[in-house]
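The values are calculated or read from the model by the stated rules, or taken from the named source; none is laboratory data. These numbers were taken from a predicted model, which means no experiment stands behind them. Cβ placement follows ideal geometry from the backbone for every residue including glycine, while neighbour counts extend to all protein chains displayed. Quick note on the areas: whole protein, heavy atoms, side chains included, nothing else; ligands and nucleic acids left out. Shrake-Rupley method; radii C 1.70, N 1.55, O 1.52, S 1.80 Å.
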Amino acid sequence: MDARNLGGRAVSRSTDAIAEGLVSFELVLYAAVGLLLGIAGILILGGTVSGLTRGIRNGDGAVEVAIFVLDRVLLALIVGELLYTLRFVVRTHEIAVEPFLYIGIIAVVRRILIVTAQFERSPQTGRALTNTLLEFGLLGLLVPALAIAVFLVRRSRQPETPHI
């Protein structure tokens, strides 16, 4: 055996060791992120129950309490979808686009609810009204854009049928 072969094996072994170390670190990182997302989900649910009971006790309006609960439920769905995506990435070692599109749709709907609630509490005029209406318009365009993106992603995964 010549020196180049021995050197190649040493480089190959060290490359494999580095790759294994990075994979281990990646798994630890994903586990930590998953744990933190789980804790965030629990805190969101606890805060939702706490806010719901506080709103009922304080005699807040039914619509205001419902918007609060819906906002928190959508936030919990976002965290749940992130956990699902993280689990999918760990299992398949691929990053999927579709869950992020769903997260985007949920986030846009959540923002629409928040802006609507803020607008109902204190109607705006002038520049603030223009900014709110502009935000509503952009959010309204984002929902169908994200839905079309989901459709296109799903369609691209389907095998093409042969033309007869």
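When region 105-127 is examined, which residues are found to be in contact with a Ser or Thr (Cβ under 9 Å, 6 or more places away or on another chain) and either more than 27 Å from Ala147 (Cα to Cα) or not β-branched (Val, Ile, Thr) (or both)?
If the condition is that a residue be in contact with a Ser or Thr (Cβ under 9 Å, 6 or more places away or on another chain) and either more than 27 Å from Ala147 (Cα to Cα) or not β-branched (Val, Ile, Thr) (or both), then Gln118, Phe119, Gln124 are the ones that fit.
So for region 13-26 (the condition being touching a residue at least 12 places away in the same chain (Cβ under 8 Å), surrounded by 12 or more Cβ atoms within 10 Å (Cβ to Cβ), at negative phi and not polar (S, T, N, Q)), does at least one residue qualify?
no
Would you tally the residues in region 110-132 being part of a helix (DSSP H, G or I) and closer than 23 Å to Ala66 by Cα? Let's see the steps before the verdict.
The first filter runs over region 110-132 and keeps only residues part of a helix (DSSP H, G or I), leaving 110-121, 126-132.
From what is left, the residues that are closer than 23 Å to Ala66 by Cα are 110-121, 132.
Residues in region 110-132 being part of a helix (DSSP H, G or I) and closer than 23 Å to Ala66 by Cα: 13 in total.
Which members of region 85-119 meet the condition of being farther than 26 Å from Gly38 by Cα and in contact with an Asp or Glu (Cβ under 9 Å, 6 or more places away or on another chain)? I'd like the intermediate steps shown before the answer.
First pass over region 85-119, keeping only residues farther than 26 Å from Gly38 by Cα: 115-119.
Within region 85-119, Val115, Ala117 qualify.
Of everything in region 110-127 that's of a type in the set (A, V, I, L, M) and either in contact with a strand residue (DSSP E or B) (Cβ under 9 Å, 6 or more places away or on another chain) or free of Cβ contacts under 8 Å to residues at least 40 places away in the same chain (or both), which residue is most open to solvent (accessible area, probe 1.4 Å)? Full working, then the answer.
Step one: filter region 110-127 for residues of a type in the set (A, V, I, L, M), giving 112-115, 117.
Among the residues that remain, those that are also either in contact with a strand residue (DSSP E or B) (Cβ under 9 Å, 6 or more places away or on another chain) or free of Cβ contacts under 8 Å to residues at least 40 places away in the same chain (or both) are: 112, 115.
On the way: Ile112: 47, Val115: 6 Å².
Of everything passing the filter in region 110-127, Ile112 is most open to solvent (accessible area, probe 1.4 Å).
Every residue in region 128-146 that is open to solvent by less than 50 Å² (accessible area, probe 1.4 Å) and either over 27 Å from Gly61 (Cα atoms) or among the acidic types (Asp, Glu) (or both), please.
Gly137, Val143, Leu146
Go through the residues of region 98-109 one by one and say whether even a single one is of a type in the set (A, V, I, L, M), open to solvent by 40 Å² or more (accessible area, probe 1.4 Å), touching a helix residue (DSSP H, G or I) at 6+ places or on another chain (Cβ under 9 Å) and farther than 20 Å from Ile44 by Cβ.
no
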